[in-house]
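Values in this text are rule-based calculations from the coordinates and carry no lab data. The shown structure was predicted, so the numbers you read here are calculated from the model rather than taken from an experiment. So basically every Cβ, Gly included, is an ideal-geometry build from the backbone, and we count neighbours across all protein chains shown.
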Amino acid sequence: MRSLMGASPGLLEPRHRTCGTLEDSNKRKPHNSKDFKEVEKLIGVHSPERITSCKFHSLKIFLFFIICGTILMLLHLPNMHHNDHFKHSGSRFLNIRWMWSRTALDSRYISHLDVQWTQISKVIGNLDGRKSNLKVGLLNFNNTEVKYWQELLTYSEFLAIHLEHAKSNITWDDLYPEWIDEEEESEVPSCPHLPEPRIPKGLQFDLVAVKLPCNKSGSWSRDVARLHLQLTAARLAAFSRGDHKPVHVLFVTNCFPIPNLFSCKSLVNREGDAWLYKPDLKLLKQKVELPVGSCKLAIPLKAKVKPYSKSRNREAYATILHSAHVYVCGAIAAAQSIRLAGSTRDLIILVDETISNHHRTGLEGAGWKVRTIQRIRNPKAERDAYNEWNYSKFRLWQLTDYDKIIFIDADLLILRNIDFLFAMPEITATGNNATLFNSGVMVIEPSNCTFQLLMDHINEIESYNGGDQGYLNEIFTWWHRIPKHMNFLKHFWFGDKEEIKAKKTSLFAADPPILYVLHYLGMKPWLCFRDYDCNWNVDILQEFASDVAHAQWWKIHDQMPKNLQNFCLLRSKQKAGLEWDRRQAEKANYTDGHWKRKIKDSRLNICFENFCFWESMLWHWGETNWTDDNPITTTVTGKLPS
C-alpha cells in the first residue's frame, strides 16, 4: 500500500478498454500470414489446379488459426488481468463498453495531472459512513489509475464509463455564439450535440469520479472537453438515484470546477487537486436539462408558460451604488418601475460610505433596504479611474439571507414583471458580445464560498474590459441565455438599417410594453434635460440617443412621489455641461437639430447648492480647477411642476 499513497505513474496510459489495441492486432497479422505460408508448404499447394482442388481444406485451416489467434488475444487482454487482480483484492470490475467499440484517445480529454492518491484517500474518507460496498463510476481515468482505485476502495463495484468524445470541430464559439435568432424569424436555434454516457438503465452510483483536463497555457475555463466531462458527471449523478440516496461527485483537477454547476455550498471536502461534492440532485437535474450553452434560449421568448419560483421570502432584487451619488435618482426610478410592474419581492441596495445620509433617506423612501458595504478595489485599475471600485459588486454574493438575487444595474427600468427569473439558476443573463454575458441583469445565488472564490483570483484573472463584467465572465463561463428583451440596451449600432432602427424605436414606445427591461446606455435620462435625449448633442454618444426611450423614463419619474423627484434635480455643474454640449452641437450644425429646441425643463430654475449661477461656469469651462464635491443640502429653491 506504500506505493498506493504516492503519485500515479506520469506516463498517461490508454483509457480502460475491453479489447486489444489496433496496434496489437496489426502485430499479429504477420504471424498469421507466416503460419498460413507454412501450411501451404506442408500440404504442397503450388499449382493452380491443386489450389482449386484444396481450397476448402485450406480455408478450414486458415479459420482454425484465426480462431486460435482470437482466443490468445482474449486471454491477454488488459481487462482480463485487471479482473483477476480485482477478484483477489475483493473488488468487482464492470466495463460496459461493447468489445470492439474502443474510442481512440483524444488529446482534448487527456489530463496529464499525476493523481495524488493520498489526497483522494483523505477526501473520500468514509462516504456517509461507508468505504466499501460502494458503486463507483470512473470517467476519464487510465488503466493504471483504475487499478489504484480498486486498491483504495476494496469490496466495491467499479464501472469504467464509456463516453464518446465531442466532435473535434465543435468550438466554444459554437456553444456560446454571439448571436442567435431569438425570435425564430429565419431559423430555430439549436446546439451542437455533446454525447451522453452509455450506461445500463437503472444503474445507480454512490460515487462518480472524474479526472478533468486543465490546460493552463490556454483558455482552460472555456474548454469543450472539460465542460463535456463535467456535464456528464452531473448527468450521471442526477439521474442515477431513484431512492433519494445521496450521490457524491469527485473531480481530480488542478483548476476549479464550474462553480455554478457544482456549487461550492455542496463542496464537502477538498485536498489539493481532489474536490468532493455532495450536490442537491434535484437542482442538478434542473441544470443539466438546460441547453448546453447559450446556443439556445433557456427561456424561449414565445414561451406561453414561464418558470415559477415558490421561495418568495428568500428572493430579492439588488443593485449597488459605490462612489456614484449621481445614480441615486436612477436607483429610485428603478425601484419605482419594479413596483409598477407588480413585483413585491424585497429590494436590496448596497452602498458604501460615499453615499450620504441624505441620499440613503431617498433610497429607503423608494423601497430599497440599504446595506452598507466596504468597497473592493480592482487591483488592475488606475487610481481614480471609472473602474477602480467596481469589484465591489462581488459583495452581492454575501447576501446569504437570500437564496436567489436578480441583480439589476441602477440605470434601467423594469417594464414587465420578471419575477419568473428567480426560478432560473446562476448565471442567467442576456448575451453581450462574443461568448460573453451582460451583467446588467443577472441571476446569482449568494454564497460566502463563491464570494471567496471571486476574491481568491482577483490578482490572477484578467478582465477583458477592466471591469467586473469581464471578471465575472472569466469565473462563470457556463451561463444560460435569456432573451435580450429582458435586458434590452438603448443602443443603435453603427450601420443599422432604417427598418432595424424603426423596429427598436417601436419596442421602446410599445404600450402595453413588449420589452421586459430597458437599459439606458450613454448619458442617463435624469442627467439630461427632460425635453430630449441629450446624447444627440455629443457626436460619439449619438448611437445611444432615443427620444422615445427617453420619454419612457420620464413617465416613470412622473409617477414617483414629489419628495423623491427632488433626488433627480440637476446640479449647477451638470446644467453648465449640458448647455456646453448644446452649443458644441450648434457649432457643428448637427443635422438632427435637437440643439435648436428651446429647453423648458423646470429643473433649470431649481437650485439646491450653495452656488447657483451655473451660466458663469461656461466662461471658464474646460479649466482643470473644477470640483464636483460641493456639499449637498436638503433645501430646494424654486418649485417643481405640479
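Each Lys or Arg adds one and each Asp or Glu subtracts one; over the other residues with Cβ under 11 Å from the Cβ of Phe262, this totals +2.
Of all DSSP bridge pairs formed entirely within segment 82-288, close to 35 percent run antiparallel. Which residues in segment 513-555 place their backbone N less than 19 Å from a point set 7 Å from the Cα of Lys562 along the Cα-to-Cβ direction? Hits in segment 513-555 for Lys562 at 19 Å: 555. Taking a Cβ cut-off of under 11 Å around Val538, the surrounding Lys, Arg, Asp and Glu residues balance to a net charge of -3, with basic ones at +1 and acidic ones at -1. When peptides 429-436, 305-312 are ranked by their average number of other Cβ atoms within 10 Å per residue, the highest-first order is 429-436, 305-312.
Segment 284-337 and segment 350-394 have Cα centres lying 21 Å from one another. For segment 199-235, backbone nitrogen atoms closer than 13 Å to the point 7 Å from Lys285 Cα along Cα-to-C-beta are found at 235. Legend: residue pairs Lys310/Lys484; Lys501/Lys524; Lys404/Lys555; Lys310/Lys369; Lys503/Lys573, Cα-Cα distance threshold 28 Å; pairs beyond threshold, Lys404/Lys555; Lys503/Lys573.
Between Ser190 and Glu382, the modelled labels are 4.9 nm apart [label points 7 Å from Cα along Cα→Cβ].
Lys-Lys pairs in segment 100-235 that are eight or more residues apart or on separate chains and whose Cα atoms lie under 24 Å of each other come to 13. Multiplying the residue separation of Arg597 and Lys555 by 0.36 nm and subtracting their alpha-carbon distance yields 13.1 nm. Segment 415-439 and segment 464-534 have Cα centres separated by 13 Å. In this simple spin-label model, placing a label point 7 Å from the Cα along the Cα-to-Cβ direction at both Leu203 and Ile67 gives a separation of 3.3 nm.
Full extension of the chain between Asp511 and Ser616 gives 33.6 nm of extra length, using 0.36 nm per residue less the Cα-Cα distance. When both bridge partners sit in segment 315-523, DSSP labels roughly 40% of those beta bridges antiparallel. If the chain linking Glu353 and Asp106 were pulled fully straight, counting 0.36 nm for each residue of separation and taking away their Cα-Cα distance, it would gain 83.5 nm.
When peptides 611-619, 266-274, 155-163 are sorted by average Cβ neighbour count within 10 Å, with the highest value leading, the order is 155-163, 266-274, 611-619. Report note on the peptides 341-349, 220-228, 492-500: ranked by the mean count of other C-beta atoms within 10 Å, highest first, their order is 220-228, 341-349, 492-500.
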